[in-house]
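The values are calculated or read from the model by the stated rules, or taken from the named source; none is laboratory data. Keep in mind the model is a prediction, meaning the values are calculated, not measured. So basically every Cβ, Gly included, is an ideal-geometry build from the backbone, and we count neighbours across all protein chains shown.
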């Protein structure tokens, strides 16, 4: 007979594999969704097409903002698979999954005993079903890579702290260096904060001076050498370059200081107005769904039982709270705030919640407080999915949602009732919501995306440069990705080059046609498409529902270049 814990582990594995499949939906779209993602893909495309993997170049100009590692990985994917949307998403998805694997392993390391593996699977399930982590797997930004690098570095350095093995020092330093080359010095704060807080609480002062940690730090710096060399070669060795509005910018100084502390204090060359100490607390309420209630219940219980725990359990609590809390507090104090920043600390909270579930819920499967919370969260997510389907006016969408949910109900009848209420319904609900949004946006962008549909109309035309008049820089970059042709933005009609005899195409709003000398241009195609396709959820639902956000766009060819 299979015991109850083994049945639960099997259920957790099935749910985890199902969530990976939902995450992989982003691989099915030919469109890169987010504006930042288009920019990052354009930087990687330049590396592949030019053969220059050292410099970051955007729109023909030197670009100084993010470190190189994500662009190197994406460029390698483009080199292997071609320049396309799935090749852009794949590396980020793999790093998110690497973060999940490291979260599973770290949970096992932190919780010895008969429930260690069960806790690890619960932590992985929570990690894979956190809404913002799922979103990062498709709308790939630097944080997708950080999830894999930070959790892997933390895992190996936890093992180094407890077992002292050289291989963990080396692997930890490698992943810490990759995190450094993804987002800068502040990533080391997330990796190290749990250890520092733990050592302070345990008064392990000697660890701050132990040779292995200084060697780990030295190796991290050495392994970050490719980033430092690339910045030096592109900027510091050529101080006459005009970058960030001035001459004499040091790429290394920007990497080590301006991009980190300058953003933290909102005093660097790149700033973000606003920012409040409560911003990320508000983000957490939706970003950590469907486990927000579990996190609150776990925190309340830990506050009550912490002093009664054995030393190893207290050490795990201090480490997880330090790893999560320090970075979360720093981001909250910063004035430069974007909602996806704190996703890098959610894996630590996933482990924290998993331990509470393994300890308390398994001891009392009928625990009424947890059942009520998870029922409420499931109902909220289902209501939100239904509202989204109703908002876009898709009866078929509502029918599909209902059909999937009925099928899930039938399949879930094989699962014990407490497990259904606490695990299955919340996971299925968030997967249903996320899957519906992903499919809806993909179908909407296939029909209404400006760059994608213009690229389709250019597919059978002779290769030539595409000029994008008074739209936005992202449109030109995205068009270059889909066509493989050169494309650039032009701010004003009078800045257009001489069209007489020149082989080129022009993408322009119909309202601006009177500004052109029309005898120089011939129509190639047209459509009603959205120029700025990203935005808030209500705006995206409005885009799916009706045509109010669409604009009349014309695609023209230089008349003098017609054969």
Quiz prompt | Filter pass, residue 74 being assigned by TED's automatic domain parsing to the domain that holds residue 54, in a helix (DSSP H, G or I), more than 25 Å from residue 322 (Cβ to Cβ) and at pLDDT 95 or above | solution = yes
Exercise. Would you tally the residues in region 37-71 being over 20 Å from the mean Cα position of the chain (by Cα) and either closer than 19 Å to residue 255 by Cα or not assigned by TED's automatic domain parsing to the domain that holds residue 187 (or both)?
Key: 10
Exercise. Kindly indicate which of 92, 26, 100 is outside the structural domain of residue 295 (by TED's automatic domain parsing) and crowded, with 21+ Cβ neighbours inside 10 Å.
Key: 26
Quiz item: Counting just the residues of region 336-364 that are outside any helix (DSSP H, G or I) and touching a helix residue (DSSP H, G or I) at 6+ places or on another chain (Cβ under 8 Å), which one comes out nearest to residue 191 (Cα to Cα)?
Solution: 340
Practice problem: Please give the number of the condition residue 113 fails out of (1) in a loop (DSSP other than H, G, I, E, B); (2) touching a residue at least 40 places away in the same chain (Cβ under 8 Å). | Solution: (2)
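Report the residue count in region 441-474 for those that are assigned to a strand (DSSP E or B) and surrounded by fewer than 19 Cβ atoms within 10 Å (Cβ to Cβ).
Of the residues in that region, 1 qualify.
For every residue, the table says whether it meets (1) under 30 Å from residue 61 (Cβ atoms); (2) surrounded by 15 or more Cβ atoms within 10 Å (Cβ to Cβ); (3) in contact with a helix residue (DSSP H, G or I) (Cβ under 9 Å, 6 or more places away or on another chain).
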residue: 170; (1), (2), (3): no, yes, yes
residue: 181; (1), (2), (3): yes, yes, yes
residue: 196; (1), (2), (3): no, yes, yes
residue: 215; (1), (2), (3): no, no, yes
residue: 224; (1), (2), (3): yes, yes, yes
residue: 228; (1), (2), (3): yes, yes, yes
residue: 231; (1), (2), (3): yes, yes, yes
residue: 241; (1), (2), (3): yes, yes, yes
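Within region 456-469, count every residue that is within 22 Å of residue 34 (Cβ to Cβ) and modelled with pLDDT under 90.
0
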Quiz item: Only one residue in 25, 106, 97 is under 14 Å from the mean Cα position of the chain (by Cα) and closer than 30 Å to residue 9 by Cβ, so which one is that?
Solution: 97
Exercise. May I ask you to say which residue of 75, 123 is touching a helix residue (DSSP H, G or I) at 6+ places or on another chain (Cβ under 6 Å) and more than 30 Å from residue 489 (Cα to Cα)?
Key: 123
Exercise. Examine region 502-523 for a residue that is surrounded by fewer than 17 Cβ atoms within 10 Å (Cβ to Cβ), free of Cβ contacts under 8 Å to residues at least 12 places away in the same chain and closer than 14 Å to residue 556 by Cα, and state whether such a residue exists.
Key: yes
Exercise. Of the conditions (1) surrounded by 15 or more Cβ atoms within 10 Å (Cβ to Cβ); (2) more than 30 Å from residue 388 (Cα to Cα); (3) free of Cβ contacts under 8 Å to residues at least 40 places away in the same chain, residue 480 clears all except one; give me its number.
Key: (3)
